[in-house]
Structures are given as structure tokens and as C-alpha cells.
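Encoded as C-alpha cells, the structure appears first; notes follow it.
The values are calculated or read from the model by the stated rules, or taken from the named source; none is laboratory data. Every value quoted in this text rests on a predicted model; they were computed, and no experiment measured them. Methodologically, a virtual Cβ is constructed for each residue, glycine included, from the backbone with ideal geometry; neighbour enumeration extends over all protein chains shown.
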Amino acid sequence: MLGLVGCSPAQGRVLLLTICAAGIGGTFQFGYNLSIINAPTLHIQEFTNETWQTRTGQPLPDHLVLLVWSLIVSLYPLGGLLGALLAGPLAVTLGRKKSLLVNNVFVLAAAALFALFGFSRRAGSFEMIMLGRLLVGISAGVGMNVQPMYLGESAPKELRGAVAMTSAIFTAVGLVMGQVVGLRELLGGPQAWPLLLASCLVPGALQLASLPLLPESPRYLLIDCGDPAACRAALWARGPLESRGGSAKRPQLRPAKIQYAAIGTGGCELLATLLSCLAIERAGRRVLLTGGYGLMTCWGSVFTVALCLQGSFSWTPYLAMACIFAFILSFGIGPAGVTGILATELFDQMARPAAYMVCGALMWTMLFLVGLVFPFLVEGLSHFIYVPFLCVCVCAAVYSGIFLPETRGKSFVEISEELHRLNFPGRSRGPAWAGPEVVRSTEL
């Protein structure tokens, strides 16, 4: 892929290393920590009940055990919300690369908590799990915002979409890796699950060892720092083209099999994001986003019908499982990766950190609410649990199909001008306009 834009082998290697170093401690951590909490669900609930019984002499009622578990799950997106609010100021003050490096402080602190909890289980404190999940959530919130910003600003225009899509790929890889490591045969057993939670230390250490050797975002160095020399030094990693002038669980599945089915769903998302990475510069952002939401609506509707009929026909469980895989594929090909690129492309250099902060805050708030209320929604809505999500998919498909401008193959200046035309029809700023994205003769 790198050869298509004329990168030398050395430049291609640096760009690839930048993608990997940013991803392993960024969106990989998001996907990994999102999935590893599923494996020890029963172990954590049992530990919570035992701890409460040791403290008070009475077992915790089932509904309160479920509430504590929901809080443990929900503290991760709550931390993500805090991290998203922190990402903007960090990215402006420290820069993109240093923000990713400093972000690992939260991972190290969380891993230390989980490790301490694992080696001293007699401490009997499920609050340590809560605090650790909050810290890894903060790290994920910062990484989810800063990584695509860093990669989007460091990539050549011709590869910007594909490079930015790697954020979604690392999320999918993290999901799959978390599901694999969480198998009972590995770290998902009744004794090893604290080490499973502490394993977030490994990708954090890998990023700390590799990212300092790689360049900062050239756009940040030139526009935010006003350092042309540092910008030129960083541009060598981007290839010669950039120097040109221009302008629900199935009851039929046994518990022992569910963990392997989860790995299958994670593998589907990984495959879908890889396909999206190949298609995004051909099909465009709007087509993938609108089509992805549309397909998710279709598969979700069929899945709901299959759930309602699963007691009437023997083949409905297989249809429901097929819809799950198709839904995940549709999500991975469209919204999973494309949404992370749009904030980079639709906002200029000055507004981009704030835009990522707002988008991240909204995403993590919704994830927090879903994690908190989903167990209770399952009990209340039963087979119709996905109907509220289908309404969101329909609205998103209609909105992106009508209002979203296509950004494929366009410079930031061209995208800004097109947005101006959409907001103010017939009032083009013209070729003489020079905003913050026009920097001499370099297409940044």
C-alpha cells in the first residue's frame, strides 16, 4: 500500500512503525480492556458477594450484585468520558505523541492496582477493581481521541483514510486478543482473572518503548508550535508526495461454547475493518457510513424477528446467529472506522482537538449509559432489546446520507471550503482565502 504513494522503503517502515506504536497503546487498549471484562463476569460477581458477606455477615441480594457489576462495567466508559475531556487540552499542550506517552501513566496505575489485588486477594476490596477500571477508561478515552488525530495529521493525503482506519483495526485486534486471553484455559479462570485485568500493562509498555523513537505530527509542529525546521524533520516519514506544492446470548449455546462464539464475533469485526481499510479510498466515507448504518438496520430487524420466533421454528437460532455476524460485519465496514476519520477531516487544526473532545465525550457518555442500564433493559424488553438501537441506526443513516460531505482524496483546505459552501450556499471564500490550513506550498 505504501508503494502506491511513492514512499521509499525506509519511509514506509517509519510510517508503519508509527501506526503500530500509536495503535498498540491507543485504540488497541480500548478494544482489549473492553473485552477482557466479559470473561471474569461470574468470578467478579462471586467475589463481590463473598466480600460483602465477609464484611457484613450477610450475602448481597442478587439485584444488588447485578447493580455492583453494572457499576464496574460502567466505570470504564465513565473513565473514557473523563479521558475524552482531557484529550483536547493534552493534545494542544503536550502535542499528539507526548499525550499518548503520558497517557500510559493511567495504564501503569491501573495495572499496579490489579496486580496488588491479585497478589493479596485477602484484601477483599472490589473497590480496587472499580478504581482500576476507571483508570483504564481514562487511558482509553485519551487514546481513542489522540491516536486518530496523530495518525490523520501524520499521514499523506493519499493514504489519510487508510491510515486513519488502522485505529478501528487496532480496536478490533484488541477485542479479539482480549477474548482469546480471557479464555478459561489462559487467564479467564477463577484464580488467574486478576492477572487478566492487569495484562493491560503489556501494550502500554510496548508503546512506551517504541513511540519515543518516532516523529511528532508535522502539522502540530508547524501550525501549533510554529517550528518549520522540526516539521521538515518529521516530514521525511511521510513520503515524497507530501512535499509537492498544491492547494443478546442464545440459550441453545452451552456456557463453555459462548466464549468461542465471542471470539468469532471479534474475528468478524477484525475482518470487516480490514476490508473497510481497503475500500475506504475507493468507495468513500459517505457510502461506507450510510451503507453500514443501513445494513445494520436491516440485520438488526431480522435478528429481532428471529428472536421472537425462536420457539416456533428450529432454524431461527441459526438465522439469529447469522444476523449477529452480519450486523458486526456491517458495523466494522462502515461506522467502526469511518467515524474516527471524520473529526480529523471535517475540522481545521485549531478546532480539531475540541471536536475530538466533544465527540469522545458523547461516545463515552452513551457507552456509560448503555453499560449501566443494558442488564436491566434485557429483563424489561426481552426480545425487543435491540429496537432502540435500530432507531439510532436509521437516524444515522438518513443524516449521513443527506448532510455528510464526501472527503475522500481532498485536502483539508478543500474540505473546509466545501463545508463553507454547504453552510453558506453561493458564498464561496474563493481561491484568495487563506485560513489556518493553508501553509505556504505544502499540502498538509
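Just for the stretch 3-13: of the residues that are hydrophobic (A, V, I, L, M, F, W, C) and surrounded by fewer than 22 Cβ atoms within 10 Å (Cβ to Cβ), which one is modelled with the highest pLDDT?
Among those that are hydrophobic (A, V, I, L, M, F, W, C) and surrounded by fewer than 22 Cβ atoms within 10 Å (Cβ to Cβ), it is Ala10.
Within the stretch 129-146, count every residue that is more than 27 Å from Glu46 (Cβ to Cβ) and among the small types (Gly, Ala, Ser).
Total meeting the criteria: 3.
Go through (1) farther than 30 Å from Pro190 by Cβ; (2) of a type outside the set (Val, Ile, Thr); (3) surrounded by 24 or more Cβ atoms within 10 Å (Cβ to Cβ) one by one and return the number of the condition Gln29 breaks.
That leaves (1) as the condition not met.
Does at least one position in the stretch 202-218 carry a residue that is farther than 19 Å from Val14 by Cα and under 14 Å from the mean Cα position of the chain (by Cα)?
Looking through the stretch 202-218, none of the residues is farther than 19 Å from Val14 by Cα and under 14 Å from the mean Cα position of the chain (by Cα).
In the list Leu86, Leu34, which residue meets the criterion of being assigned to a helix (DSSP H, G or I), at pLDDT 85 or above and under 26 Å from Gln191 (Cβ atoms)?
Leu34
Considering only the stretch 264-289, how many residues are basic (Lys, Arg) and at pLDDT below 70?
The qualifying residues number 0.
If we scan the stretch 185-199, do we find a residue that is under 27 Å from Ala110 (Cα atoms), modelled with pLDDT of 85 or more and within 19 Å of the chain's Cα centre (by Cα)?
yes
List the helices (runs of 4 or more DSSP H) that sit entirely inside the stretch 320-407 and contain at least 1 residues that are out of contact with any Ser or Thr (no Cβ under 6 Å at 6 or more places or on another chain) and surrounded by fewer than 14 Cβ atoms within 10 Å (Cβ to Cβ).
352-381, 387-403
Scan the stretch 37-60 residue by residue and report those that are part of a loop (DSSP other than H, G, I, E, B) and acidic (Asp, Glu).
none
What is the residue count in the stretch 280-293 for residues that are more than 13 Å from Leu329 (Cβ to Cβ) and small (Gly, Ala, Ser)?
2
Enumerate the pairs (first residue in the stretch 170-187 and over 13 Å from Gly23 (Cα atoms); second residue anywhere and not in a helix (DSSP H, G or I)) with beta-carbon separation below 7 Å, excluding pairs fewer than 6 apart on the same chain, so at least 6 apart or on different chains.
Close Cβ pairs (under 7 Å, with a partner that is not in a helix (DSSP H, G or I)) amount to Val181/Leu187; Val181/Ser199; Gly182/Asn38; Gly182/Ala39; Gly182/Gly188; Leu187/Ser199.
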